[in-house]
Every structure is written in structure tokens, then in C-alpha cells.
Amino acid sequence: MPEPIAPVADLRAALHALEELVVGVRFDLPGDAGAHRTAVKNEIIWGINEYLEPRLGDLESPLVAVLIGSTGSGKSTILNSLAGKRISKPGAIRPTTTEPVVWAHRKYADRYEEDFLSGYGSDERPIEVIADDQALLEGLTVIDAPDFDSVVEHHRQIADDLLAVGDIIIFVTSAQRYADAVPWEFLEKAMIRAVPVLFVANRIPGESDEILNDYRRLLDERGFKLGGRFFEVAEQQIDELTAGLPGVAVAGLRTRLGEMADRAGRAAVLDASIRGAVGALSVRVSALRGAVAEEAEEADALRLVAAEAYERQIDEIARSLRSGDLIRGEVINRWQEFVGTGELTKAISDGVSRLSSWAKRVFGGSPAAAKVRTDAGLELRDVLIRRADLAATAAASAWELDAAGANLLRGRALWRHGRETEQKAGNAVEDWLASVSELIGQAGASKKRTAVVASYGVNSVAVAVILGVFLQTGGLTGAEVGVAAGAAAAQQKLLEHLFGSAAARSLIETARERIEAASSEVLREDGARFARLIDEHTKALVEPSALTSSIDRVVELTGAWDGP
């Protein structure tokens, strides 16, 4: 029977699964928050890669204590004092520590020179390793970090990186800097990480009780436990040879570090540090989950505002069809000339036989009907293109007011209709015109009616249906009403004569519904450019619930782990 998998192996596997999930997240929507969201993601990956996975894989390696402090706090001096020799280079020119300086035992030095802190060790991100054989280093490695409040952003990032990988933080401040805002901001990160922190109040002048008591009070108010973790180092002369203070100045700190690094103490330190790192990881994953949800919401908002711009134009086309003002002008005038208003009026007044004779003479294969059909198709195509332009302009204008939307617009032709829209509009109109002829064929299914339609000319009857779709007088004013009314009467009488009143109305309504559907499809296809662009920039987002499930599994296994 195979041995059960160790809890620590389960925990490492869960961390690896979480890391893979987080690595796959990309914030590609080019808004103002992208850099911050990506930084949250990278902090999670760094914490897993550089601390939790390697530490859980090697619980016997020395503890890592990171010396962290503000500019001029004397971190390098403290390190040199602990070593009794010059390890890190202090100086008056700030910043003095520009790269991580690692003080490690000889037998462990290779670990820090080869695979500790991935990304460090190159010319761009150098790391200095000082090998030694002091007994303290059997169980402890000390790293001097650049200042967390350095004027150099890169140095501040290194300090954040090292906070994530330390088993112990030695936080150094001075009488001049302890109350500054930046140190407390950094300590808040340490509290979230729940890493054991040793506090060193350095360069304290002779009359110091008031300063020390105030510093302790501030730490206590923020929830830091100081029992055996607070050390005072008085202001004194630095030895030129060692670049440090006499050993007695840091004796208490050195003793405490030795206690934490011995076999009994290291288990408690590692347990607290690992569980604290998982707790900090949970906080960051929660922030990442929120960032993913926020980006998805921003994308949905951009997608929606573009879709709404196109839907408004689709609705406007439907309204114009119903009110009769979608197309007008030359198309209606040409129809009026074609049918002849005076002759039509006389034909209507003379009765059915006279109307039939007039219709056959006017419609019977007249090339003018084809011209009206062509003009109507071209104008309808132009209407769809204009509406697509209006929708695109409205959508782009709305996007321009949003940081991500404005960035997406740059270098892209989104302010007018798409390159293929003119062709698609023309095809849609031609397909619709052809479908009108099909409808006429279906409406005149009987042999007798088919023969009558043929005598008038299918194209001529189709033009009557087409004009019936567009000719309503509700949206017209002035002289246009008279022209449209005459044209409407002509097509209406013809269709009623051929198919009857009910069938004629049904024929026109069906044709109108089809052009509304075709118009909607053309505009929505044009608007799909906006949606596709959003989709391209959000395809690397994961479901927030997947992040929740993954971190919950890590937290669960950490709780079940019995420690180092």
C-alpha cells in the first residue's frame, strides 16, 4: 500500500495550482488601473515562487533575517556590528545600500548565489553574497536591504521583494525617523505578512526615554507585540575598521537571533512566518479577485455603451420605417412621375375595369419600375451606412470619456462604419429586394393571380410593395405629404387590386419586418467591432470564483499542516 502524501506536499501542490492560475491572469484592458492590478498579481507570484514553495521544500535551510529600514537608519552599521567586521558599506552619501547584501555561512552561500531571489544576480539586479563561518550563520542568514523610502524606485521594490521572502524582519529606525509616515506604511505590510519582526531603535541619543516610550506606544497601538523584540542602540562612534559598533551594542539583538535560529526556536519562527505568508497571500488573492471583477465590469460597461449606441440607431430605423420618413425625395418623386397622379385619380373614379387597364399599361414591364427599384435600394443602403456612422461615432465618443476606452480607440478606425459595412449593407438590401419578389410569388400562388401579376410585371409589383413599406405620411410635412400621399395611393390601389386589402397589408408588413431584421443585422455586425476589441483585451481574465476556490484550498491545507 503506497504511503499517504505528506500534508506539506499537498500544500505545495495547492500553491503551485494557485500560481498557475494567477500566472494566466492578464490585465490587458489599457486603463489607469492596469499597472496596479498587475502589481498585485506579481506580488502573489513572487510570494509563492520566492518564499512559500522553496521554504516548504527546504525547511532545514537557515532562517532568512532581512534588515529593513529607512534612509540613514543605520542598517548597514547594524549588520557590520553583528558580524564584527565590514560586511556592508555604510556611508554619508544616500542611498548607501543599492543592492541586497547577503551575509551567509560558507556551506550555504551557493544557495544565495545561484537560485535565491530569481531575477537577482544579473547586471540589472545584482546581489552581493558574503560567505563567513560564524556560528550564528549555521542557522541564520542576514540580508541588508536597500532603503524602503529610497528616492530610487528600484530600491523600494527590492525592499518589498525582500519583505516577502524573509522568515524574520529586523526593522531598523532612528530617533529622527521613527515617526515618519513611510516606515509605518511599510510596517503595515509586515503586519499583513504576519512575519516575526524585531525592532531596533538605532542612533538613540543619551536622554532618550521620551523617544523610546513614544516609539513603543506607537508600535503597541498598531498591534505589534514587543516582548523580547525591541532593542535600543545608542548613538556612538563607529569603528573605522569594521564600519560597525562594539559587539556589546548589539549583544541583545545577536542573542535573540541566536535563540530564534536554534532548533527549538526555528520551528516556531518558520511556523509563524509560513502561516503569515499564507495569510498575506489570501489577502492579495482577495485583492486580485476584486481587480479581475473590476476589469470585467469595466469591459462590460464599454461593451454595453457601444451596443446601446447601435441599438438606438436600429430603433430609429424601425421608427422611421413606421413613420414613413426613412427614404423620401427623388425616390418618391420618380414613383409619382411613373404612375401619373392625374391618370391614377381618373382610373380610380372610373371603377375596377378602368383601374385594371391603367395598371397594365403603366406597370406592364415598364423599365421605369426598375429605375425606381434601383433608386430605392441605393437610398436604403446609404441610410444604413449613415446610421452605422452615427452609431460608431456615438460609441467612440462614449469610449473616449473612459481611460481604457480612450486607449483602445488610439490608432483604430472606430469613429465611422467598418470597412466591410458598405458591402454588407448593399448585400442586405439586394437580398431584401429579392425576397420581396419571392413574397409576391407566394401571395399570388393561384394560376389566375400569377398570370395577372405577370401581366403587370413582377418587378413593377415588387416596387409597389417596396414603396408600401416606406410610404407613410406620419413623419412628413408640407409639400412632401401631398407627394407621398399620391405615391402611397398608387401602390396601395395596385396591391389591393391584385391581392385584396388584407393580403396587401400582410404583404407590406412582412416585407417591412424583413428589412427591419436585415437592417438590425447590418448595424449589429458593424457594432461587433467594439465587442471583439473588448473580448481581445479580456480573454486572459479568469473567473473570480476560481481564484476563491484555489486560495481556499491553500488556506485549508495550511490549517491542516502540523508545522515544521
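The values are calculated or read from the model by the stated rules, or taken from the named source; none is laboratory data. Note that the structure is a prediction, hence the values are computed from the model and not measured. Positions of Cβ are backbone-derived with ideal geometry, glycine not excepted, and every protein chain shown enters the neighbour counts.
In the set 172, 195, 129, which member is at pLDDT 90 or above, within 19 Å of residue 231 (Cα to Cα) and more than 33 Å from the chain's Cα centre (by Cα)? Steps first, please.
Numbers: 195 fails: more than 33 Å from the chain's Cα centre (by Cα); 129 fails: within 19 Å of residue 231 (Cα to Cα).
172 is the lone residue from the list that is at pLDDT 90 or above, within 19 Å of residue 231 (Cα to Cα) and more than 33 Å from the chain's Cα centre (by Cα).
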All positions within the range 512-532 that are among the acidic types (Asp, Glu) and either over 33 Å from the mean Cα position of the chain (by Cα) or not assigned by TED's automatic domain parsing to the domain that holds residue 381 (or both) = 513, 516
Could you tell me which residue of the range 194-209 is farthest from residue 237 (Cα to Cα), considering only residues that are out of contact with any Gly (no Cβ under 7 Å at 6 or more places or on another chain) and among the β-branched types (Val, Ile, Thr)?
-> 197
State which residue is nearest to the chain's Cα centre (by Cα) when the search covers only the range 534-551 and only residues that are hydrophobic (A, V, I, L, M, F, W, C) and surrounded by 19 or more Cβ atoms within 10 Å (Cβ to Cβ).
-> 541
Select from the range 197-238 the residues that are under 22 Å from residue 66 (Cα atoms), without any contact (Cβ under 8 Å) to a residue 12 or more places away in the chain and surrounded by fewer than 11 Cβ atoms within 10 Å (Cβ to Cβ) and list them in ascending order.
-> 227
Any residue in the range 418-431 that is modelled with pLDDT under 80 and assigned to a helix (DSSP H, G or I)?
-> no
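Kindly evaluate residue 282 against the criterion of being farther than 30 Å from residue 421 by Cα, touching a helix residue (DSSP H, G or I) at 6+ places or on another chain (Cβ under 7 Å) and polar (S, T, N, Q).
On the way: farther than 30 Å from residue 421 by Cα: yes; touching a helix residue (DSSP H, G or I) at 6+ places or on another chain (Cβ under 7 Å): yes; polar (S, T, N, Q): yes.
Taking the combined requirement at face value, the residue satisfies it.
Looking only at the range 424-438, count how many residues are closer than 11 Å to residue 373 by Cβ and either in contact (Cβ under 8 Å) with a residue 60 or more places away in the chain or outside the structural domain of residue 381 (by TED's automatic domain parsing) (or both). Outline the logic, then answer.
Our first condition is that a residue be closer than 11 Å to residue 373 by Cβ; within the range 424-438, this holds for 429-430, 433-434, 436-437.
Checking the rest, the ones that are also either in contact (Cβ under 8 Å) with a residue 60 or more places away in the chain or outside the structural domain of residue 381 (by TED's automatic domain parsing) (or both) come to 429, 433, 436.
Of the residues in that region, 3 qualify.
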Would you tally the residues in the range 168-182 being buried (at least 20 other Cβ atoms within 10 Å of the Cβ) and not in a loop (DSSP other than H, G, I, E, B)?
-> 7
Which condition number in (1) closer than 19 Å to residue 540 by Cβ; (2) crowded, with 16+ Cβ neighbours inside 10 Å is the one that residue 55 fails?
-> (1)
Answer yes or no as to whether residue 180 is of a type outside the set (A, V, I, L, M), more than 22 Å from residue 50 (Cβ to Cβ) and over 32 Å from the mean Cα position of the chain (by Cα).
-> yes
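Based on what the data block shows, is residue 174 farther than 24 Å from residue 271 by Cα and touching a helix residue (DSSP H, G or I) at 6+ places or on another chain (Cβ under 6 Å)?
Numbers: farther than 24 Å from residue 271 by Cα: yes; touching a helix residue (DSSP H, G or I) at 6+ places or on another chain (Cβ under 6 Å): no.
Here the answer is no, as residue 174 does not meet what is asked.
Scanning the range 137-155 for residues that are assigned to a helix (DSSP H, G or I) and buried (at least 19 other Cβ atoms within 10 Å of the Cβ), which turns out modelled with the highest pLDDT? First the steps, then the outcome.
The initial filter retains those residues of the range 137-155 that are assigned to a helix (DSSP H, G or I), namely 137-138, 153-155.
When the remaining residues are screened for being buried (at least 19 other Cβ atoms within 10 Å of the Cβ), the result is 137, 155.
On the way: 137: 95, 155: 85.
If we take residues in the range 137-155 being assigned to a helix (DSSP H, G or I) and buried (at least 19 other Cβ atoms within 10 Å of the Cβ), then 137 is modelled with the highest pLDDT.
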Within the range 395-417, how many residues turn out to be in contact (Cβ under 8 Å) with a residue 60 or more places away in the chain and either closer than 17 Å to residue 300 by Cα or surrounded by fewer than 17 Cβ atoms within 10 Å (Cβ to Cβ) (or both)?
-> 10
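Within the range 542-553, is there a residue that is outside any helix (DSSP H, G or I), farther than 22 Å from residue 381 by Cβ and modelled with pLDDT of 80 or more? Give the derivation first.
Narrowing the range 542-553 to residues outside any helix (DSSP H, G or I): 542-543.
Going one step further and asking which of them are farther than 22 Å from residue 381 by Cβ, we end up with 542-543.
In the following step, the residues that additionally are modelled with pLDDT of 80 or more were identified as 542-543.
Yes, the conditions are met somewhere in the range 542-553.
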